[in-house]
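Report on one structure; see the data block that follows.
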C-alpha cells in the first residue's frame, strides 16, 4: 500500500489539538463541529474556541503558541515484528514455520510459510474493529464474483485478535507475479478496475462501516493546507498559496457538476494487482474501499500510471475501463476529470505536514497537480 494513502483512515488534520503544557488534551471531532476539552468543562464549539483564541491575541498581541502542531497519538508507526506482543503472535501463528515481510506502507503484512501459506496482517492503530470485520465479510462475498481476492481465515478460532493496541487478522496467500509495467498492463489496470467496480456494486450490501476520510470535502482539504502551513513554517507560504489558489478553482468547478457515486476500491494500481498462472489478475488491498464518486477511483489510477501529469493516451485507458464498467462515464464526469486528477497530488501536497514530507515534496506534488489542471481542455474533449 502506498504510504501516501493513510488518508482513508485519518480524522481531519485541521482539528488536531496542538501540544500544550497540560497533560490533558482536547479531543476533536469533525462530524460534531466541536471539541471535547476536559480543561474547559467538556464540550466546546469551534466557534467558541475561535472567539477565545482571538480574544487572547487581542489582549496579548501574540499567538498562544508558535510551535508546530503535534502529530496525533493515533498516527502510530507501522507495526514491527520486533515488538514483543507482535513477535509472540507471529510465533503463535507460524508454529516454527518461516515467515517474511511482504511489504505495505501502513499495515504489517507477513507471509507465513505454513501449509498452506497464509498472510498475517497487523493494522495501524487507527483502524476500527467493525471496519476490519466488515471488509472480511466483503471479501467473502467477493468470492462469488469474477474478481479474485484473498479469502479471510480465522485466527485462533476468531475473526480478529487484538495485539499491541492494533487489530490482527489472517487471510489466504495468493501466489502471483507482479504485472509488467508497460502500456498493455496499464490498459489492463483500467479494464480490471471496471470489473472491480461491477463486482463491488453487486455484493456491497450489507456495506462495511465507512472509513474515516479526511479528503472528502474541500473544507477538509483547506484544513489540511492550514495544518501543513503551521507545521512546515513560514518558508512554505509560497507553495501553500498555490495550494489555496488551486483549491479555490477546483471547488468552483465541482459545484457545477453532478457525479455518480458507487462502491470503489480506493487504491487500484499495478502494485495492488497480481497476475495468476492462468493469466487472470487478483486484486489486493481493499482497505480503502468505500462509497464515493467513481471518478475518484479512476483519477487515482490514472495518476498512478502518469504521476507527473504526462499521460499520453487517456482515451485508450478510459475506453478499457468503460468496456467492463457497470455504466459508461457521464458528460459531467468527463468535465470533472481534470479536477479529479489534480486533486490527487494536491491532497498529497496539502497533507505533507502530517505525513512527514517537507516543502520540496509539497512543491513536487503541486507541480503535478497544476500539470493535470492545465490539461483540462485536452482531457475533457
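Using the beta-carbon distance between residue 145 and residue 237 and R0 = 56 Å, what value does 1/(1 + (r/R0)^6) give for FRET efficiency, to the nearest 0.05? E(calc), rounded to 0.05, equals 0.70. Judged by the mean number of other Cβ atoms found within 10 Å, the most tightly packed of the peptides 189-196, 239-246 leads the ranking 189-196, 239-246.
Against the empirical 2.2 N^0.38 Å scaling, what ratio does the C-alpha Rg of the range 217-358 come to? Output field value: 1.15. When you count the other C-beta atoms within 10 angstrom of each residue and take the mean per peptide, 218-226, 139-147, 248-256 line up highest first as 218-226, 139-147, 248-256. Pull out the extension gain between residue 217 and residue 115, defined as 0.36 nm times the separation in residues minus the alpha carbon to alpha carbon distance; nm, one decimal. Answer, rounded to one decimal: 32.1 nm. A simple packing score, the average count of other Cβ atoms within 10 Å per residue, orders the peptides 77-83, 370-376 as 370-376, 77-83, with the highest score first.
Read the figures in this text as sums done on the coordinates, not as results from a lab. From a predicted model like this one, the values you see are computed outputs, not experimental measurements. Positions of Cβ are backbone-derived with ideal geometry, glycine not excepted, and every protein chain shown enters the neighbour counts.
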